[in-house]
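The values are calculated or read from the model by the stated rules, or taken from the named source; none is laboratory data. Source: prediction; values computed, not measured. As a convention, Cβ positions derive from the backbone with ideal geometry for all residues, glycine included, and neighbour counts pool all protein chains shown. Calculation scope for accessible area: heavy atoms of the full protein, side chains included, ligands and nucleic acids excluded. Shrake-Rupley method; radii C 1.70, N 1.55, O 1.52, S 1.80 Å.
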Amino acid sequence: MSKKLFIAEKPSVAQEFAKALKRNFSRKDGYQESNESVVTWCVGHLVTMSYPEVYDPALKKWAVETLPFLPKEYKYELIPAVEKQFNIVKSLLNREDVDCIYICTDSGREGEYIYRLVDQMAKVPAGKERRRVWIDSQTEEEILRGIREAKDLSEYDNLGASAYLRAKEDYLMGINFSRLLTLKYGNSISNFLQTKYSVVSVGRVMTCVLGMVVRREREIRDFVKTPFYRV
């Protein structure tokens, strides 16, 4: 008997899907299963992009001469802390009795990226039907509507492509600028802080947030008291 596999982004969301389906699920290691369905989950990201030294061991040493690092093909690897759950999800995705996969990761670019990386690493056969569940909340009514109206995953290929592109942009920015600024300013920072070494971390989000914090701190330090009156 063929079964439908529902894969959520987090265990708590998978639990809500299991409740909404109202099947007689039995708990297994890393998933729940009934006669008709299987519900499993990622734990956020299960797969990540490989560091430069995976491409070439010589790149483990940071040097200006090796920058910028711009790979022609990107490599991916499992995150060690969640490798067990990945293997569980992989085995379920490739089970012969699973003929339809419902992707229930969060409705957005990041959720799309999380599943597609798993699908890519698990080498799921192309012939299996993949349907995308897109919901705005985790109420029973909304979950059932999302399952009922789920579209073929190919409908979201552009979203998936944009997710891969953003991840590559973040990766290239972080790898190259973190190394460059560390090589240029790391020693000066270490001397000032009196530490053995310092790494300057650069990232699309962290750098902007740090800039906001620094700007606000400067405003506080430069604040000049002035009389204030109120009627």
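Quick rundown of the values:
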| quantity | calculated |
| --- | --- |
| Conditions (1) surrounded by fewer than 18 Cβ atoms within 10 Å (Cβ to Cβ); (2) under 21 Å from ALA20 (Cβ atoms); number of the one not met by GLY111 | (1) |
| Residue that is least open to solvent (accessible area, probe 1.4 Å), among those in region 56-95 that are small (Gly, Ala, Ser) and more than 19 Å from the chain's Cα centre (by Cα) | ALA63 |
| Of the criteria (1) within 30 Å of LYS168 (Cα to Cα); (2) assigned to a loop (DSSP other than H, G, I, E, B); (3) modelled with pLDDT of 90 or more, which one TYR197 fails | (3) |
| Some residue of region 136-144 being within 26 Å of VAL39 (Cα to Cα), in contact with a helix residue (DSSP H, G or I) (Cβ under 7 Å, 6 or more places away or on another chain), assigned to a helix (DSSP H, G or I) and open to solvent by 60 Å² or more (accessible area, probe 1.4 Å) | yes |
| Residue identified as in contact (Cβ under 8 Å) with a residue 24 or more places away in the chain and either open to solvent by 100 Å² or more (accessible area, probe 1.4 Å) or under 29 Å from SER12 (Cβ atoms) (or both) among TYR171, TYR197, TYR185, TYR229 | TYR171 |
| Search result, residues across region 202-231 that are within 28 Å of THR182 (Cβ to Cβ) and in a loop (DSSP other than H, G, I, E, B) | VAL202, GLY203 |
| Residue list for region 18-33, restricted to those being of a type in the set (Gly, Ala, Ser) and closer than 21 Å to LYS84 by Cβ | ALA18, SER26, GLY30 |
| Check on GLY160, under 28 Å from GLU96 (Cβ atoms), small (Gly, Ala, Ser) and either part of a helix (DSSP H, G or I) or open to solvent by less than 30 Å² (accessible area, probe 1.4 Å) (or both) | yes |
| Qualifying strands (runs of 3 or more DSSP E) (wholly inside region 1-120; at least 1 residues being small (Gly, Ala, Ser) and under 26 Å from ILE147 (Cβ atoms)) | 3-8, 26-28, 37-41 |
| Which listed residue is closer than 18 Å to GLN15 by Cα and of a type in the set (Ser, Thr, Tyr), from SER162, SER154, SER137 | SER137 |
| First in region 19-39 and touching a residue at least 12 places away in the same chain (Cβ under 8 Å), second anywhere and among the small types (Gly, Ala, Ser) and in a loop (DSSP other than H, G, I, E, B), Cβ under 7 Å, 6 or more apart | ARG23/SER34; PHE25/SER34 |
| Extreme residue, nearest to ARG204 (Cα to Cα), among residues of region 152-192 that are β-branched (Val, Ile, Thr) and over 18 Å from the mean Cα position of the chain (by Cα) | THR182 |
| Selection within region 1-55 - in contact with a Phe, Trp or Tyr (Cβ under 7 Å, 6 or more places away or on another chain) and open to solvent by 70 Å² or more (accessible area, probe 1.4 Å) | LYS4, LYS10 |
| Residue match in region 122-133 (condition: at pLDDT 95 or above, farther than 13 Å from TYR156 by Cβ, of a type in the set (A, V, I, L, M, F, W, C) and under 11 Å from the mean Cα position of the chain (by Cα)) | no |
